[in-house]
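Let me begin by presenting the structure, written as structure tokens, before commenting on it.
The values are calculated or read from the model by the stated rules, or taken from the named source; none is laboratory data. Quick caveat: nothing in here was measured; it's all calculated off a predicted structure. Please note: Cβ atoms are built from the backbone with ideal geometry, for glycine as well, and neighbour counts cover all protein chains shown. In case anyone asks, the SASA skips ligands and DNA or RNA and just uses the protein heavy atoms, side chains included. Shrake-Rupley method; radii C 1.70, N 1.55, O 1.52, S 1.80 Å.
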Amino acid sequence: LYFVYIIYSASRDRYYTGHTDNLVRRIDQHNCGYSSSTKSGIPWQLMYTEEFQTRNEAMKREYEIKSKKSRKYIEALINKI
């Protein structure tokens, strides 16, 4: 299984969207400074996930979310939970 996820940094008031096949490991990597694009926002909190059968489906959905370039869209997704 693959996951699209949205994490949030309160210190930077910023969302980040990504995809992975191991959600726990990936969130840990973000919070340990593994990714240069999220290093400055530690700590990150998982806010939203979607599950997919293939990596290709997850990548397409991640791209779709990112292409909206909209904080309102992301917050609407999160608030559906």
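Conditions tested, residue by residue: (1) touching a helix residue (DSSP H, G or I) at 6+ places or on another chain (Cβ under 6 Å); (2) more than 17 Å from Glu75 (Cβ to Cβ).
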position	(1), (2)
Val4	yes, no
Ala10	no, no
Asp28	no, yes
Asn31	no, yes
Ser36	no, yes
Ser40	no, yes
Thr49	no, no
Gln53	no, yes
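Scanning the range 51-81 for residues being under 17 Å from Asp13 (Cβ atoms), among the basic types (Lys, Arg) and in a loop (DSSP other than H, G, I, E, B) gives a total of 1. Just one residue in the set Tyr48, Tyr15 is touching a residue at least 12 places away in the same chain (Cβ under 8 Å), open to solvent by 40 Å² or more (accessible area, probe 1.4 Å) and in a strand (DSSP E or B); that residue is Tyr15. Quick one: would you say Ser67 is over 15 Å from Phe3 (Cα atoms), open to solvent by less than 90 Å² (accessible area, probe 1.4 Å), free of Cβ contacts under 8 Å to residues at least 24 places away in the same chain and not hydrophobic (A, V, I, L, M, F, W, C)? When the stated conditions are applied, Ser67 passes them. Any chance the range 22-42 includes a residue that's in contact with a Phe, Trp or Tyr (Cβ under 7 Å, 6 or more places away or on another chain), within 19 Å of Lys80 (Cβ to Cβ) and in contact (Cβ under 8 Å) with a residue 40 or more places away in the chain? The answer is no; no qualifying residue exists.
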